[in-house]
Each structure stands twice: as C-alpha cells, then as structure tokens.
Amino acid sequence: MEFLTDYTGTGPGAFLAMFAGLYSASLIVLFTTGLSMTALNRRHPDRKIQKREPTHDALRDIRSSMKQLAITSCCLSIGLYAQMRGWTLFAPVMLSWWSVPVFFVLSLALHDTWFYWGHRILHTKLFYRFHKPHHMTITPTVWSNDAGSSVDTLFAHSYYALVLFVVPIPPLVFLGHRLFDQVSAAIGHCGYEHFASPSARKPWPLLCTLYHDQHHQYFVYNYANYFSFWDRFCGTIHPTYDNKVEGFEALYSGKQDQA
C-alpha cells in the first residue's frame with residue numbers, strides 16, 4: 001500500500017483514494033465476470049441448472065449491485081486503511097512462499113465461517129426482511145450476486161472491515177481473497193454448471209455453482225460461501241447436492257466421449 005502514502009500521505013485523502021480505487025476495480029470485475037459468464041452460458045445451454053427462466057430485471061440487479069459494491073469497497077478500505085495506519089493488533093505478515101497460501105486459505109476459512117453464521121441469522125424471522133430482496137431471485141443470474149439490501153451486504157462483508165484488526169493478513173493476499181470472493185460468488189449465481197468435479201462433492205469440501213443455486217431454489221440449505229464444511233457439520237446441506245454434482249460430471253464426460 002506504499003503507493004497511497006507516496007501520493008496522499010496517510011490522512012483522509014489516502015482513505016478516499018483507496019476507496020475510489022477499490023470501488024473502480026470492483027465495477028470492472030462485476031462487468032468483466034458478468035459478460036464473460038453470460039457468453040459462456042450461451043455456448044452451453046445444456047448446463048442450465050434450473051428449468052425456470054429468471055423473472056427479474058437484470059438492469060435492476062446491476063444498479064443494486066453497484067450500490068452494494070460501494071458498501072463492500074468501504075468495508076475493505078476500512079480494514080486496509082486501519083492496517084496501513086498501524087491501528088491493528090498486529091502488523092501484516094510479510095509476503096513469502098508460505099505466507100501467501102497460508103493466509104489466503106486462512107482468510108477464506110474465516111470468511112466462510114463468518115458468512116455461514118451471518119447467513120443463518122439473516123434467515124431468521126427477525127432479520128429475513130433484509131435478506132428477502134436477494135431471495136426474490138429464485139433463479140439467480142451472474143448479475144444478481146451483489147444485488148440486495150445494504151444490511152444484507154454488511155452481514156456478509158463487514159468481515160473485510162474487521163478481520164485485519166486481529167489477524168495479520170498481508171494486504172495483497174487480502175485483496176486476492178476479495179477478488180476471488182467476487183468472481184466465485186458471481187459464478188455461483190450464474191445459473192449454469194461449468195465446474196462440477198469430484199472435488200466439489202463429498203468427501204471434499206469445495207463447491208460448484210449448483211451449491212448456491214440450490215440455496216436460491218430451496219432457501220433453507222447450502223448457506224456457506226466457499227466450503228461445504230459448515231453445512232455438512234450442521235446438517236444444512238441439500239440432500240441431493242452430491243448426487244447432482246455427479247450428474248453434471250456424467251454430462252461432461254458423455255460429451256467428451258462423443259467428441
């Protein structure tokens with residue numbers, strides 16, 4: 001983050017520059033991922049997960065996503081700015097051959113835990129009204145990932161504002177995590193299964209697009225973000241998930257055999 005101190009010092013200008021840069025990058029990722037996945041989906045209509053068509057307005061989702069990405073960028077800026085100013089409990093660990101993979105996986109695991117339990121809270125009677133706008137999309141699309149309410153966004157992404165106060169994640173690793181989060185979540189809402197594999201089903205903890213698509217279909221299953229661990233441990237994984245992943249794998253292998 002030295003480039004910020006070089007030009008703007010460490011005052012409010014640094015925070016604003018950081019926010020502007022992160023928000024601009026988020027919008028680039030939003031449209032790049034959205035357009036790329038839309039093109040890929042058109043090439044593979046057979047991989048559509050749900051038979052029903054989306055009934056919501058893509059432009060409405062894009063406008064909502066642009067608003068919510070501003071909130072996410074603000075949360076990310078708070079965490080990184082606090083770390084830059086030395087307000088955190090620990091200075092960030094230096095980049096090295098071991099710190100990058102270790103802290104990347106650690107941040108994913110911590111965020112997945114944060115996301116799972118926050119998501120469960122959002123599905124309670126008291127808080128569901130904040131999550132309901134996102135669930136109006138029973139058949140999600142690549143544009144609907146960030147669409148929703150501001151409270152909903154804060155439940156998921158206040159992690160970025162807070163975790164650096166207690167965990168010394170290197171800033172570039174933290175940014176890499178956020179990039180992975182935005183891209184993988186958009187793919188998870190794209191409505192087409194392109195990444196089914198044995199690693200996305202039991203006994204492995206990874207996921208594919210079907211995972212979150214089932215959450216939109218059935219509402220009370222598959223709450224996690226990156227891994228299936230919490231859903232399996234708490235009994236909230238959809239009972240057909242693993243078998244359906246195998247079904248998509250068979251679809252892929254069948255096409256390869258025909259080729």
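Cβ crowding within 10 Å ranks Asp213, Asp231 as Asp231, Asp213, fewest other Cβ atoms first. Per-peptide packing, taken as the mean over residues of other Cβ atoms within 10 Å, places 180-192, 216-228, 22-34 in the sequence 180-192, 216-228, 22-34 from highest down.
For Val29 and Ser96, a Förster radius of 22 Å and the Cβ-Cβ distance give a FRET efficiency of 0.25, rounded to the nearest 0.05.
Working note: Karplus 6.51/-1.76/1.60 with θ = phi - 60° gives the range 126-142 the couplings 5, 10, 4, 4, 7, 9, 4, x, 5, 7, 5, 9, 5, 9, x, 10, 4 Hz, where Gly and Pro are set to x. Fewest-first ordering of Ser96, Ser197, Ser73 by other beta carbons within 10 Å of each residue's beta carbon gives Ser96, Ser197, Ser73.
A simple rule links phi to the HN-Hα coupling: the Karplus curve 6.51 cos²θ - 1.76 cosθ + 1.60 with θ = phi - 60°, which for the range 158-170 gives 5, 3, 5, 7, 10, 5, 5, 5, 10, 10, x, 6, x Hz, with x for Gly and Pro. Taking Cα centroids, how far is the range 47-79 from the range 103-124 in Å? One Cα centre to the other: 19 Å. Three principal axis extents of the range 2-184 based on alpha-carbon atoms, in descending order, are 51, 39, 33 Å.
Look at Ile121, Ile169 and count the other Cβ atoms within 10 Å of each Cβ; fewest to most, that gives Ile121, Ile169.
When +1 charges are put on Lys and Arg Cβ atoms and -1 charges on Asp and Glu Cβ atoms, the dipole computed for the range 2-184 relative to its Cα centre reaches about 700 debye. Dividing the summed helix terms, -39500 (n - 2.57) for each DSSP H run of n ≥ 4, by the number of residues in the chain produces a 222 nm estimate of -20500 deg cm²/dmol to the nearest 500. Along the charge dipole of the range 2-184, pointing to its positive end and built from +1/-1 on Cβ of Lys, Arg, Asp and Glu, which listed residue (Leu69, Gln83, Leu175) has its Cα farthest out? Selected residue: Leu69.
FYI, it's all coordinate maths here, none of it is from the lab. The structure presented is a predicted model; accordingly, all values stated were derived computationally and were not measured. Neighbour counts are summed over all protein chains in view; Cβ atoms, including those assigned to glycine, are modelled from backbone coordinates with ideal geometry.
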